[in-house]
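For reference, the structure is listed below as C-alpha cells.
Every number here is computed from the coordinates shown, using simple stated rules; none is lab data. Just so you know, these numbers come straight off a predicted model, no measurement behind them. Backbone-built Cβ (ideal geometry, glycine too); neighbour counts: all protein chains shown.
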Amino acid sequence: MADAPMTSGGLLVFKPKPSLPPPPATTGVIGWMRFNLFDGIYSSVTTVIGVLLIGYIAIGFYEWAFVRAVWEASSRNECRISPTEFGTCWAGVEFWFTRFIYGRYPDAEIWRIDLAALIFVLWMAPLWLPRVTAKVIVGLSAVMVFPFLAGYLFLGGERNWFMAIMVALSLTWFIGTMVHVAICLVTNQGLGRWIIQATGFASRDDRLQKYPIIILSLIAYFVVYFLVADWQTVEVVPNQWGGLFLTLVISGVGIASALPIGIVLALGRRSQMPVVRVLCVAFIELFRSVPLITILFMATTMFPLFLPKGVVFNNLASVIVAVCLFSAAYMAETVRGGLQAISRGQYEAAEAMGLSYWQSMGLIVMPQALKLMIPNIVGSFIGLLKDTTLVSIIGLYDLLGMINAVSQDPQWIGLHHEPLFTAAVLYFVACLAMSKYSQHLERKLGAGDRR
Amino acid sequence: MNLKTDGMVDQIRSAVSDEVVIALNQVNKWYGEFHALKDIDLSVYKGERIVICGPSGSGKSTLIRCLNRLEEHQRGDIVVNGVTLDTNVKNIDAIRSDVGMVFQSFNLFPHLTVLENCTLAPIWVKSKSKREAEEYAMELLTRVKIPEQADKYPGQLSGGQQQRVAIARSLCMDPEIMLFDEPTSALDPEMISEVLDVMVELADSGMTMLCVSHEMGFAKRVADRVIFMDFGEIVEENTPEEFFENPKSDRTRLFLSQILAH
C-alpha cells in the first residue's frame, strides 16, 4: 500500500500484479512416502502386505535363478544338485542359445544374419541423430528397400533378374544413406545439396539442379551393380531358418506391410465408391473374424490344394502372407479410428485450398491421424510379434519352436523352465523396445500440440 | 444473366464494376428432406463486398459453402468466374484455385508451422518452388501483421492470430474472391477487432468478398451490399445505409431489433 494509485488523465492506471512462483510442494522422500504409502491404516497395511509379497517372490526367484543354478554341464543329468533334484540348468540354455537366436541356420553362414542386422541398425540409427535431414526418406527406405538386400542375405543362392536389380539398388541406397549421414554430420546439409554445390549447379536454375543428383545416382547404381554381379552366397532354404531370427522376419514383414495395406483398406472403407467400400469391408471383416491360427492352417494346408500341380509355394511364404493380411485387417480398423478423430474442418480447409484427395490425405489428414494412432499402432505391432509364436504350431521353428525343441533333445530332455524363461526375457526386451520407441515418437511428434 | 434487380442495387453495382464474377440462378439445396436453400438468385460483381446475415439455420453458410463445392447444390446454376460448378472435377478445381475461404473455426493445420500452413497449397497445387512460396507467404504474413509468428505452430497462437494466419493462408493462393464464414464468431471480444482490421484492409484493396457475419459495424463500414437471409431465402438485399436505417421487410426489422438491442 506504499504506492499511491497513479493516475493518468484523471483515470486510474491499471497495473497487473507481478506473477509469483507457485508455493513449494510438500516434497522430500519422507513426505512422498507418508503421502503415497502410509496415508492412514488401510494404506499402511496394504503397503506392508505388498512389500512382503514382492520380497517373497523376489527371494524365491533369486534362489531359483542363482542359488540352485548350474552353469556348466554337458547334459541335463549333470544339472542334478542332489540325486532326486535338478538344479536350474542354465548350462542348457547356454548350449542352445545360438539355436534360440538363429534356429537351424548353418553355423558358417550365421554372419549373414548378423550383417543384415548390422546394416538395418546402421540404416535406422540416423533417425535418432538430430542433424540428419530427410529422415522420412531414410526411414521409409529402411522399410521398403532394405528387405530385398536382407532377403537375399538370408536366402542366398542365385539371383534372378529382379533380385539382381533390387539387391544392387538396396546396396546403393544403403551406401548413399551412409554418405548422406556423414555429410549431414560434417556440413549440416544433406547429400543432395552437397552434390549440387560440389558440381557447381547451385547457381543454376532450380529446375536444372536435380540433374547432377540423378546422373550421380545412376552412375553409383551401375558401379555397385557390376561390382556385386558375381557375388553369390550359399543358398539356405527357409526350412533351416528359425529361432528369434525367424520370429523377427515374420513379424518384421508383417509390421512393414500391415501399415500401408491397412491405410489403403481404411481409406477404402470410408470411400464414396460402393464397390471399393464393400470389398474393403468384406476383407476386413473376414480376416478379423477368423482366428490367426485358423488362417495359418488354411495358408499352409488348404491353400496348396488350390495351386496347380507342380507349383510349390513354400510354407514360410504362405505364413508370411497370412500374417500380413491378418494384421493389415486389424491395422485398417486402427487407422479408421484415427481418421475419424480428424475434424471435418481439416478436410474442408484442404479441399477449399484445392488440394486433391490424395494430397489432402497424405499431407493433412494422415500425418495427424497417424500421430494420434501411434499407441494403437505399436500396440498391434507388439501383439503381432507375440502372435507369431503361433507358427510353432504349424511346424515352423520360431523362437518358441526352438524352445520346445530343447526338451526333446535326448541330452537335455525335460528342460522346460529355463528356456521358456529365456524366451520370456527375449520377447519382453523386444516388446519393451518397441513400446519405448513409440513413446519417444509420440513426444517428438507432439510438437504441434504444445500450447 | 438477367437477375432480379432494383434500381438501388444497380446503382451500387455500377460503382463497383459491371463484370459478374459469381452468378447464382435459381439455386436449390436440400439436406435430406430439409430444404436449405430456396431459389437463390444472386450476382456478385468484381470488387464487390457483400455481407450476408441472418438467424442461425437460415442457409447463409450453406450458400457460401456451395460457391466452392464444400456443399453440393441440387438444382440451379452456379457460375464462378465464368466456370459452371457441376460434377466435373476440373471445374471444381479451377474454381477452388480462384476462391479463398476463411472458416469460423480457422481450420489451420495443427501439425504444420504457420509458414508451412501458408506454403503448402502454393507448393502442391500451384507447383511453386519452396523459396518462392515462402517469400510470398512472409509478405502476406507481414500484411496481416504477424510475420514474427511464422515458425510457431497454430496451437501456440491466440484465436485472433490464428484467424489472421488463416486469412494469409488463403491469400497465398492469390484468390480473386474471398469467402468468409463467420470469421469472428469463435473469437474473444478483444480479438475481433484485429481480424476485422485485416478484413477492412483487404476490402480496401479491392478484393471481391462475401462475408457471412453479424459484425454490423463492419457491414456498415465496408459492405457495398447487405443480404439478409431466413428460411433458406434471400429476404432482402440492400445498401448498408438503407438496410440499417430503412429496412424493407418486417422480418429484417425484427432481426435488426434483436441483434442491435444490446
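What to note about this one:
- Model label points for B:E148 and B:K248, set 7 angstrom from Cα along the Cα-to-Cβ axis, are 5.0 nm apart.
- Each of A:C280, B:C172 was scored by other Cβ atoms within 10 Å of its Cβ. Arranged with the fewest first, they read A:C280, B:C172.
- Arranged from fewest to most other beta-carbon atoms within 10 Å of their beta carbon, B:T119, B:T87, B:T142, A:T88 become B:T87, B:T142, A:T88, B:T119.
- Taking every alpha-carbon pair within region A:382-451, the share separated by more than 17 Å comes to 57 percent.
- Virtual paramagnetic centre 7 Å along Cα→Cβ of A:D409, amide N under 20 Å, in region A:87-112: A:87-111
- Gaussian network model of chain B, springs between alpha carbon atoms under 10 Å - residue of B:F244, B:F180, B:F106 with greatest fluctuation: B:F244
- 10 Å Cβ shell holding at most 11 others, DSSP loop, GluC sites (Glu not before Pro): longest site-free stretch of chain A: A:236-451
- Checked against a 27 Å cut-off, the cross-linked pairs A:K135/A:K436; B:K46/B:K126; B:K29/B:K126 give Cα-Cα distances beyond that limit for B:K29/B:K126.
- Backbone phi angles across region B:169-178, fed through the Karplus curve with coefficients 6.51, -1.76 and 1.60 (θ = phi - 60°), yield HN-Hα couplings of 4, 5, 5, 4, 8, 6, x, 8, 10, 10 Hz in residue order; Gly and Pro are listed as x.
- Other residues within the sphere of radius under 14 Å centred on the Cβ of A:H416, judged by their own Cβ, net out at -1 (K and R +1, D and E -1).
- Remark: spin-label model distance A:M302-B:S185 equals 5.5 nm, labels positioned 7 Å along the Cα→Cβ axis.
- Remark: spin-label model distance B:E33-A:L445 equals 4.4 nm, labels positioned 7 Å along the Cα→Cβ axis.
- Between region B:189-208 and region B:27-82, the Cα center-to-center distance that results, in Å: 23 Å
- Put the Cα centre of region A:63-131 next to the Cα centre of region A:276-341 and the gap is 33 Å.
- Residue-averaged beta-carbon neighbours from other chains (10 angstrom radius) around A:358-367: 3
- Between A:Q189 and A:Q232, the FRET efficiency from the beta-carbon distance, with R0 = 41 Å, is close to 0.60.
- Every helix of 4 or more DSSP H residues in chain B counts as -39500 (n - 2.57), and over all residues that averages to -12000 deg cm²/dmol at 222 nm.
- Amide H contacts under 5 Å for B:D230, placed H, 5+ residues apart: B:V235
- Taking the centroid of alpha carbons for each part, region B:100-152 and region A:376-404 are 47 Å apart.
- Straight-distance candidates among the aspartates and glutamates for linking to B:K130, with alpha-carbon spacing under 12 Å and chain neighbours fewer than 8 residues away dropped: A:D206, B:E116.
- Region A:109-232: C-alpha gyration tensor shape, a/c 1.5 cut-off, then a/b vs b/c: oblate
- Environment charge at A:M402 (Cβ cut-off 13 Å; Lys +1, Arg +1, Asp -1, Glu -1): 0
- Remark on chain A: A:C184, A:C280, A:C324, A:C431 stand apart, with no other cysteine beta carbon under 4.7 Å.
- Under-5 Å amide H pairs with B:R225, H placed in peptide plane, nonlocal only: B:R49, B:V51
- The H on the amide N of B:V102, modeled in the peptide plane, is under 5 Å from the matching H of B:L179, B:F180, B:D181, each at least 5 residues off or on a different chain.
- Entries of A:K15/B:K152; B:K60/B:K90; A:K17/B:K220; A:K386/A:K444 with Cα pairs more than 32 Å apart: A:K17/B:K220
- Hz values of 3J(HN,Hα) by residue in region A:172-188 - Karplus curve (6.51, -1.76, 1.60), Gly and Pro given as x: 4, 4, 4, 4, x, 4, 5, 4, 4, 4, 4, 5, 4, 5, 7, 10, 6
- The order of A:K371, B:K90, going from fewest to most other C-beta atoms within 10 Å of their C-beta, is B:K90, A:K371.
- Ellipticity estimate at 222 nm from DSSP helix runs (n ≥ 4, -39,500 (n - 2.57)) divided over chain A, nearest 500: -20000 deg cm²/dmol
- In sequence order, calculated HN-Hα J values of region A:426-441 (Karplus, 6.51, -1.76, 1.60; Hz; x Gly/Pro): 4, 4, 4, 4, 5, 5, 5, 4, 4, 5, 5, 5, 5, 5, 4, 4
- P(r) tail fraction, the protein assembly as shown - alpha-carbon pairs more than 45 Å apart, %: 45 percent
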